[in-house]
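J.: What follows is a single structure, and I will ask about it in a moment.
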Amino acid sequence: MPGAGQTIRPAIRRRLVALLFAGSLAVAACTGSTATPVSIPSDATSSALPAESGTPEPSPTAEPAATFPLTLRDDQDTDVVLATQPQKIVSLTPAATEILFAIGAGDRTIGKVEDISKYPPAADDVPIVATYQGVDVEKIVSLGADLVVADANGLTPPAAIDQLRRANIPVLAIYAPNVEGVLADIELVGDAVGEGPAARDLTASMQAGFDQVAAATGSLSKPRTFYEIDATKEIYGPQKDSFIEAMVALAGGTAITAAAGAPDIPLEKLVAADPEIIILGDAAYGTTPDIVAKRPGWGTMTAVKDGAIRPADDVVITRPGPRLVEGLISLAIGIHPELAGAFPTPVPAESPEVSPAASAAPY
């Protein structure tokens, strides 16, 4: 199955924890923010990505910023009490780092988790207080943090969250099992740091982008699509009812999935499902269309016979943050190449290069 010389990487294994079980674990996705419920329509008609900017125009909001003291309920169903507006914020997920900088709280971010994809560039000088091996709780305490944004799905060790809370540091634990959850979490973080209006402008902009992709793909065929996370040993793809399955559907495809609760998909099942499109979420690790085409047993698949095997930037597709619309557009074009040119290219002014380990930290 894997190409010659390929080996499974620990970084991919860490990524599987976040991706394969997204949406299937019993982690509540409710929040105590004042976020307006969002919907991702399949027949939207808005056109919100102006060619001049390449990003959706945010809708102005008249909603005032939250006042402090403030109590919010996070995605672990925990009440987080904030006496004053946080001025020393620590981010323990790459997505949270992106959110904080996108809504204007980057200058108050004093610590972050290591992010191999190094985004946004403005966060380069923020001290690293955590890696995917652990969290330096003592350092966070010594920095005087008055808010920590953590991952509620296990990427931030639960023991570290408990230690921080015992040290009387408010911890906002977030986890988005679906696209709607991403927007709700952005607004929750915005409320927590006193940037609620900016967060809602961002989510309105993102919703407009989702609407435009839905409008562009709504009348197109929905080809059977396999999003490959890894295939160096077992074959890993999205689970049923997972975040990635939802993204494939929004991008105009019909996702081929592993069973809910199953970490991999047997080759026999994948062959029987006969993907018409294969998207390589593991392209940053060196997986190429040629490697896939040469795998034993894969040659009968329609995608292989038609050469419809396409690399993707897994980070922007799976990271639940401000660049998710960029990821959705790239996924839509991967599934429907005829859409190339239909959207302005939403590349940030300082777009990071995809490194071989960029997909190690989707959250």
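All of the numbers you see were taken from the coordinates with simple rules; none came from a lab. It should be emphasised that the depicted structure is a prediction, and the values quoted were computed from it without experimental measurement. Cβ coordinates were reconstructed from backbone atoms using ideal geometry, including for glycine residues, and neighbour counts include every protein chain displayed.
J.: Just tell me which lysines come within less than 19 Å, Cα to Cα, of Lys269; anything on the same chain fewer than 8 places away is out.
T.: Straight-line reach from Lys269, under 19 Å: Lys233, Lys240, Lys294, Lys305.
J.: Order by neighbour count: Tyr175, Tyr227, fewest other Cβ atoms within 10 Å first, most last.
T.: Tyr175, Tyr227
J.: Multiplying the sequence separation of Lys240 and Asp125 by 0.36 nm and subtracting their Cα-Cα distance, what value in nm do you get?
T.: Length difference between fully extended and current span is 37.5 nm.
J.: Sort Met247, Met206 by Cβ crowding within 10 Å, fewest neighbours at the top.
T.: Going from least to most buried by this count: Met247, Met206.
J.: Oh, and also: Please give, to one decimal in nm, the separation of the simple spin-label points placed at Thr84 and Ala272, each 7 Å out from Cα toward the Cβ.
T.: Computed distance between label sites Thr84 and Ala272 equals 6.3 nm.
J.: Turning to a different aspect of this structure: Kindly work out what percent of the DSSP beta bridges joining two residues of segment 70-194 are antiparallel, to the nearest 5. Working shown, then result.
T.: Values: 6 of 18 bridges.
Of those bridges, close to 35 percent are antiparallel.
J.: Also: Report the Rg/Rh value for segment 70-194, based on alpha-carbon coordinates and the Kirkwood definition of Rh.
T.: So for segment 70-194, dividing Rg by the Kirkwood Rh gives 0.91.
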